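A.B. asks: Structure provided below as structure tokens; questions to follow.
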Amino acid sequence: MEDGTDLSPSIAQIVQRLRGSHLHSQLERQAKDCLHRPEIKLESLKEDVRAFLKASGWEKRLQNAVYRELHVQLPQCHPTTPAEHLKEPLAYMRKAQASWEKRVLKSLNSMSTELGVPLARMRPAGEQKDLTNKWNEMGTDEPDLSRFRPVYAPKDFLEVLISLRNPNHDSSEDMTVKSHWGLIQVPLNVRDILQLRQAYSELNLNNGQLGIDDHAHVHPVVVEQDSAAAQQYSRRGCPTGLRSDLWALTLNSTNQPQDVMHYEQLKAGVIQHDLLVDYLIYKDVKLTASNDDYYFVFEDFLYQVMLCFSRDTAVLEHFKYNSATPPKSYIHGKVGNEEFAVLYPPNGVIPFHGFSMYVAPLCFLYNEPSKLYSVFRMMYIRYFFRLHSISSSPSGIVALCLQFERLLQAHLPQLFYHLRQIGAQPLRIAFKWMVRAFSGYLSTDQLLLLWDRILGYDSLEVVAVLAAAVFAFRAENLMEVASLASAEAVLADLSTLKVMPLIQIFLFATAI
Amino acid sequence: MNHSESVDCTVKPPVFLQIGDAKGDSARSGVCVVDDLATDINIEKITFKNYYTAYVTIRLLRRKAEKEGSAKWCTALRDLALMDNPHTEGGSQNYFSIHRRQMQVEPDHVESLRLILRQPSSAWRLFNLEEIRLFPHKEPAPEKEVSDWLSNLIVVKQPPDLEGLPDPQTVSSSIQQMWALTEVMQANRTTASIGRFDVDGCYDINLLSLT
């Protein structure tokens, strides 16, 4: 690393991203307007304007914007690093992701051909008008979805992860002290309990955790509108009344006029074109959220958010650091002509079975569609995308699965061995929880406390820790079972669990 | 950095070191030596792509400037860690760059470069470095001086015939304003996209490309 020049490429990148943004023009206008003020003197113009921007809170907004950029910025690396390496450094993982994507695309193509439904279709004027009128009650529509099936389910994805192998890794077939009993066979670096104790020190048993109802006064963190402080605060849980503000602050998700306008533009995109992916979304919502006691009331919101999400080209930016690649196609009759190349769906993300569960819990926090949409999009491009793409990232699903298995093998070896012997590999049960970050499995208030920590620690690791903690909690019952089906039955209902005590006990009370 | 700026050098095939009799020894070696021959260059930086090497030591064969034939080996960098943990993937396929400032000796008049690679973990079948490139040290270019003959040019002024034409001063000032505006627009170019996903309103697409 070259001393002194480390920061300048980062700074240049952030400046370039913020330049020309709405915040930039607002700052310029503020700076221009403040020139009339008496305290601004010509001799010390620069310092006075700066002081004014600081006092009026604009500097804080700029800080928050920079803070957000740092979160989505690519890690500093060698200048000759090719783009594919930035998405995913390991060649064999890139290959596995590419072949998985090919399977998914083939499946989507054959669905389109077999059902005779085009991938995209411009709606005739009458249909557009209908949809505009029905926008707030799309749930009442009952299209015939029986022919549609989800493109893939989490268990299909699990099989792909299980078959991941590093061709350069020497893993002998013998069972030795070193060998890993679990299903994931790639040697990623995951943290053990001692390292987790250090990293998650705020969750120590000595520290009180929030989760009980809020205070009447507004917390200073919210008053000062500081993103970094909000993130730190979330580590010990957010009070229910303040959670929506704190999450929006941490994600730097605003609801300014241009955000509302952006949402309206997406809505126009939904009205204009009908996509095959829309039917997958309808089907997913009907199969999952609509059947859930907590979330069925939000069915209409879910359509409004997910259909708009599919049209949002701003999501394409996250593919710079996502190992996945958006699917490509050409306008009819122009195959091979790059001028007519487009991405499908417009946001590059093909929803799978259970996808709507990423949105559902957020409906409890935000009741305005554009705000709900803005927060969901930020959550997706920061965290959720890692749960369904193959990468070596420490928050990626592969690392989470490995971490879950390692924690279990290290601290509950008897249980792991027993489950393995009866053909009930723990990951086969825990995978579906982790892929959805426990949405739909925990009760909503507990789920939101878990997601507080995902935001607070900027990592999905806590999901793997909770999965191991659940197994630890039910260890006695699990030792008695004799089949995968009975093990599944023991762990079928997590709705009564309290997540923070489980996590705290697992991390800080386990004997090493 | 432009690849064409790197120096051509011959990289010999890696030699894995063994203790004792190489034949019949089934254990894999954890140390590998890669020799890179150059001809008397001053190194600015060395770049390479890692392939499962945990630590690298760089030794240089430097020729003393005045004395011919008396070249000496010295260590430029000892045990630089390329992987956070030799047993796990972190850093295993990353790109690295070692600048002359990071080296313990001045890498000048280098005739040969020896990279000693270590991978103590038995988890990997192979380890190596790929795409090794050397970049020569360039002296900063001297200030260019304006040629004498340019400064000797005499500007000839002739009042132009302005019958019926607008005042040149107003025209030039308004053009200047427009130019300044375009400069501001260019400088403020935003990375935000417009957000359209169709091509001229059309989004009737073929099946998805599988390539």
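A.B. asks: Given all pairs of different Cα atoms, what value in angstroms does the Kirkwood hydrodynamic radius of region B:10-136 take? Can you show the working numbers first?
C.D. replies: Numbers: mean 1/r = 0.0653 Å⁻¹.
By the Kirkwood definition, the hydrodynamic radius is 15.3 Å.
A.B. asks: Taking R0 as 22 Å, what FRET efficiency do you get between residue A:490 and residue A:417 from their Cβ-Cβ distance, rounded to the nearest 0.05?
C.D. replies: Result of the calculation: an efficiency of 0.85.
A.B. asks: So if I average 1/r over every pair of distinct C-alpha atoms in region A:46-168 and take the inverse, what Kirkwood radius in Å does that give?
C.D. replies: Values: mean 1/r = 0.0480 Å⁻¹.
The answer is 20.8 Å.
A.B. asks: Still on this structure: Quick one: A:59, B:89, fewest Cβ neighbours within 10 Å first, how do they rank?
C.D. replies: So the residues, fewest neighbours to most, are A:59, B:89.
A.B. asks: Continuing with this model, one more query. What's the extension gain from residue B:184 to residue B:33 if we count 0.36 nm per residue and subtract their Cα-Cα distance? Walk me through the intermediate numbers first.
C.D. replies: Numbers: separation 151, 0.36 × 151 = 54.36 nm, distance 5.51 nm.
Result: 48.8 nm gained on full extension.
A.B. asks: I need the semi-axes of the equivalent ellipsoid of chain A: take the C-alpha gyration tensor, multiply each eigenvalue by 5, square-root it, list largest first in whole angstrom. Please report the intermediate quantities before stating the final value.
C.D. replies: Working: eigenvalues 276, 197, 124 Å².
Square roots of five times the eigenvalues give 37, 31, 25 Å.
A.B. asks: While we're looking at this one, here's another question. Highest mean first, what order results for A:340-350, B:129-139, B:42-52 on Cβ atoms within 10 Å? Could you put the intermediate results ahead of the total?
C.D. replies: On the way: A:340-350: 23.0, B:129-139: 15.2, B:42-52: 21.1.
Taking the mean over residues of other Cβ atoms within 10 Å, the ranking is A:340-350, B:42-52, B:129-139.
A.B. asks: Okay, moving on. Can you sort A:319, A:296, A:508, A:355 so the residue with the fewest Cβ neighbours within 10 Å comes first?
C.D. replies: Working: A:319 20, A:296 14, A:508 17, A:355 23.
The most exposed by this proxy come first: A:296, A:508, A:319, A:355.
A.B. asks: May I pose another question? Could you sort out which of A:286/A:328; A:320/A:371; A:283/A:432; A:267/A:334; A:155/A:328 sit more than 23 Å apart by Cα distance in this structure? All intermediate terms of the calculation are to be shown ahead of the outcome.
C.D. replies: Working: A:286/A:328 28 Å; A:320/A:371 25 Å; A:283/A:432 19 Å; A:267/A:334 28 Å; A:155/A:328 26 Å.
Going by Cα-Cα distance, A:286/A:328; A:320/A:371; A:267/A:334; A:155/A:328 fall outside the 23 Å limit.
A.B. asks: Show me the ranking of peptides A:61-68, A:188-195, A:358-365 by mean Cβ neighbours inside 10 Å, starting with the highest.
C.D. replies: Details: A:61-68: 18.2, A:188-195: 16.6, A:358-365: 23.0.
By packing density, highest mean first, the sequence is A:358-365, A:61-68, A:188-195.
A.B. asks: For region A:9-72, what is the per residue volume of the convex hull drawn over the alpha-carbon atoms, in cubic angstrom? Mind dumping the intermediate values first?
C.D. replies: Values: hull volume 5.5 nm³, N = 64.
In region A:9-72, the Cα hull volume divided by residue count equals 86 Å³.
A.B. asks: Can you tell me the FRET efficiency between residue A:122 and residue A:192 if r is taken as the Cβ-Cβ distance and R0 is 60 Å, rounded to the nearest 0.05?
C.D. replies: Plugging the Cβ-Cβ distance into 1/(1 + (r/R0)^6) gives 0.65.
A.B. asks: List A:48, B:79 from most exposed to least, where exposure is judged by having the fewest other Cβ atoms within 10 Å. Don't skip to the answer; put the middle values down first.
C.D. replies: Details: A:48 17, B:79 11.
Result, fewest neighbours first: B:79, A:48.
A.B. asks: Residue by residue through A:324-330, how many Cβ atoms from other chains fall within 10 Å of the Cβ on average? Intermediate results must be reported in sequence, preceding the final value.
C.D. replies: Values: counts 0, 0, 0, 3, 5, 6, 6.
Neighbouring Cβ atoms belonging to other protein chains average 3 per residue here.
A.B. asks: When you look at the Cβ of every residue in B:81-94, what mean number of other chain Cβ atoms sits within 10 Å?
C.D. replies: Details: counts 0, 0, 1, 1, 2, 0, 3, 7, 12, 6, 2, 6, 10, 6.
That average works out to 4.
A.B. asks: Would you give the gap between the C-alpha center of region A:272-337 and the C-alpha center of region A:430-449, rounded to a whole Å?
C.D. replies: If you average the Cα positions of each part, the centres end up 21 Å apart.
A.B. asks: Quick check: pseudo-label points 7 Å beyond the Cα along Cα→Cβ at residue A:71 and residue A:320, how many nm apart are they?
C.D. replies: For the pair residue A:71/residue A:320, the computed spacing is 1.6 nm.
A.B. asks: Shielding by partners for A:20-28, please: the mean number of other protein chain Cβ atoms within 10 Å of each residue's Cβ. Before the final figure, lay out the partial values.
C.D. replies: On the way: counts 7, 4, 2, 0, 2, 2, 0, 0, 1.
Other-chain Cβ atoms within 10 Å of each residue's Cβ, averaged: 2.
A.B. asks: Checking the cross-link filter: which lysines have an alpha carbon closer than 28 Å to that of residue A:46, excluding same-chain neighbours under 8 positions apart?
C.D. replies: Output for residue A:46: A:32, A:54, A:60.
Read-outs throughout are calculated quantities, based only on the coordinates presented, and are distinct from any laboratory measurement. Note that the structure is predicted; figures quoted are calculated from it, not measured. Positions of Cβ are generated from backbone atoms using ideal geometry, with glycine treated the same way; all protein chains shown enter the neighbour counts.
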